[in-house]
Amino acid sequence: MSQVTGADTTQADRAGAVPEAAHEIVERALALSRADGCVVIATESSSVNLRWATNTLTTNGASRDRSITVVSVVGRSFGVRTASTIDTPAGGRGARPGDMAHPTDADGLAELVRAAEDAAREADDAEDYADLLGPTTAGLGAGGGLVTAGGTFTDPAARTGTAVFAAFARDLAEAFGSARAQGRRLFGFAQHDVTTTWLGTSTGLRLRHSQPTGSVEWNAKSGVPGGSVWHGQSTHDFTDVDVAATDAALRSRLAWCERSVELPAGRYETLLPPSAVADLMIDLYWSAAGRDAAEGRTVFSRPGGATRIGEAIGPAGLRLFSDPADPELATTPFVTAASSSSMSSVFDNGLALGATDWIRDGALAALVQTRASARATQSPVTPIIDNLILDAGGSASLEEMIASTRRGLLLTSLWYIREVDPEVLLLTGLTRDGVYLVENGEVTGAVNNFRFNESPVDLLGRTVQLGAATRTMGREWADWFALTRMPPMRVADFNMSSVSPAS
């Protein structure tokens, strides 16, 4: 039985030390290794944020951090240890403005490498054991991965700063003025992060990638009971965040709240916006481990160790896929794994990622497979990728779908989603910040909140309309998975299992 050694995290605050480049730390850690194989992953992140409440900016912040993860392979077992820094504030003890704390001194890095090796010696043989990948086996093409789209391995970290918010903050101030004049209150949080990752192995791989990720969440409130609405958006650089358009949409939804309608639990024709669809599809994706399915433990299992690959689970034309090179949702194009699980393997570090169809033309086409699980199940290697896209070729906007609805519910967002039964992927959760009644093509009022019980896999089979896919961000999983493009969805009989007192 394999044993995954937990990653220990330590804090280093050595103000005044000259910061060492992350790629140099990777090389030094690899040189220190005495294991049969070694993987070193360094990440350096910089982030900025803004927070506002009651039409006023309240706080802003900035931080930088660095982490070093060492994966040591001894025989057929492995051990993992991680050290992370804290940022050094400008003017701090012995620091120069802009300096970061030194992540590890010579003794500290050697101790980290030795600790990973000790953990590997104490661990059982790993079920997912495989030879570490090298320049000719990682699937990275010419150059052995020495150069990636993010620059050369020796390039410094990419960074963000408050300038990313310049136009956004100016437009936000105008929205505050409008909200005050109209008796509305705006609350929200915006953040932008740039994380650069360096991956080096004892087999010669040297990879680097810089990932910008931004998000903004809004909550608008009025004085009427139930007058609360939410909107969220992911972004690479905030140039596509239209504050005026968002404020107008929030204002429109608050107007719908002026009439209140009480409805009982039951099954309703329901329009799900892209953000709600994203939350449900992310849950589906995270449940799509090929190993778990082959072991009979998930919604994608069939009796006798088979899976549902090839089975229709959605309407014809539906495609659920991931693509690290997607222009709108670009993400890390190679595997970085600091632990092993049914969804990832430390032995796959550096493996090239490509576009993967999970559902093709409505049929299940692939499950998440590491090299080890792919061997065991005789399947293609299809690692998990950090974006997700659902598209069925629809062209209708959510507004056009509302206009064609005789009577149904319109949701804003889903909240507190939890798994009830993994064998059918039954989920339960709450509606929040806006459930509306649609009658004869118009929104006629706000409805009480509900608890729902639904399976996203079952929903795909009962979907009666999918609109145009647009970039979106789920509310429940925004902090963990922000890169999604989803369509609005019409379900004929969405199960509102009980009325919720949440407001």
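Of note:
- Counting charges near Arg291 (Lys, Arg +1; Asp, Glu -1) among other residues having Cβ under 15 Å from its Cβ returns a value of 0.
- Remark: accessible surface ordering of Arg291, Arg121, Arg471 (largest first) is Arg121, Arg291, Arg471, probe radius 1.4 Å.
- Relative contact order (%) - region 267-333, alpha-carbon pairs under 8 angstrom, separation at least six: 13
- For the chain, the dipole from Cβ point charges (+1 on Lys and Arg, -1 on Asp and Glu) about the Cα centre works out to 840 debye, to the nearest 20.
- Nonlocal amide H pairs with Gln211, under 5 Å, H built at 1.01 Å: Thr195, Thr196, Thr197
- Normalising the average separation of contacting C-alpha pairs (under 8 angstrom, six or more residues apart) by the number of residues puts the relative contact order of region 160-298 at 18 percent.
- In units of the compact-protein estimate 2.2 N^0.38 Å, region 276-372 shows a Cα radius of gyration of 1.11.
- For the chain: relative contact order, % (alpha-carbon pairs under 8 angstrom, 6 or more apart): 15
- Rolling a 1.4 Å probe across all protein chains gives Tyr436 an accessible area of roughly 0 Å².
- Legend: calculated FRET efficiency, Glu269 to Ala244, from the Cβ-Cβ distance at R0 = 22 Å, rounded to 0.05, equals 0.10.
- Charge context of His192, other residues only, Cβ under 11 angstrom, K/R +1, D/E -1: -1
- Pairs of C-alpha atoms in region 361-503 farther apart than 21 Å represent 54 percent of all such pairs.
- Helix 22-32 vs. the chain, principal-axis angle (Cα, 0 to 90°, nearest 10): 40
- Three-way shape label, the chain, alpha-carbon gyration tensor, a/c 1.5: oblate
- Percent carbon-and-sulfur accessible area, the chain, ignoring ligands, DNA and RNA, probe 1.4 Å: 51
- The chain: angle of helix 166-181 to the longest principal axis, Cα-based, in degrees nearest 10: 30
- For the chain, the solvent-accessible area of protein heavy atoms averages 41 Å² per residue (probe radius 1.4 Å; ligands and nucleic acids excluded).
- Compared with the direct C-alpha span, the chain from Arg375 to Ala325 gains 15.4 nm at full extension, assuming 0.36 nm per residue.
- Coupling constants for region 111-123 follow from the phi torsions by the Karplus curve (6.51 cos²θ - 1.76 cosθ + 1.60, θ = phi - 60°), and in residue order they are 5, 4, 5, 5, 5, 5, 5, 4, 4, 5, 5, 8, 8 Hz; glycine and proline get x.
- Considering only Gly393, Ser178, Ala289, and ranking their Cα positions along the charge dipole of the chain that arises from unit charges at the beta-carbon of Lys, Arg, Asp and Glu, the one farthest toward the positive end is Ser178.
- Using heavy atoms of the protein chains and a probe of 1.4 Å, the accessible area assigned to Arg375 is about 130 Å².
- Summarising the label geometry, the points placed 7 Å from Cα in the beta-carbon direction at Asp421 and Val464 lie 2.5 nm from one another.
- Accessible-area ranking of Glu174, Glu400, largest first, probe 1.4 Å: Glu174, Glu400
- Helix 243-256 and the longest principal axis of the C-alpha atoms of the chain enclose an angle of approximately 40°.
The values are calculated or read from the model by the stated rules, or taken from the named source; none is laboratory data. Note that the structure is predicted; figures quoted are calculated from it, not measured. Glycine also receives a Cβ, built like all others from the backbone with ideal geometry; neighbour counts cover every protein chain displayed. Quick note on the areas: whole protein, heavy atoms, side chains included, nothing else; ligands and nucleic acids left out. Shrake-Rupley method; radii C 1.70, N 1.55, O 1.52, S 1.80 Å.
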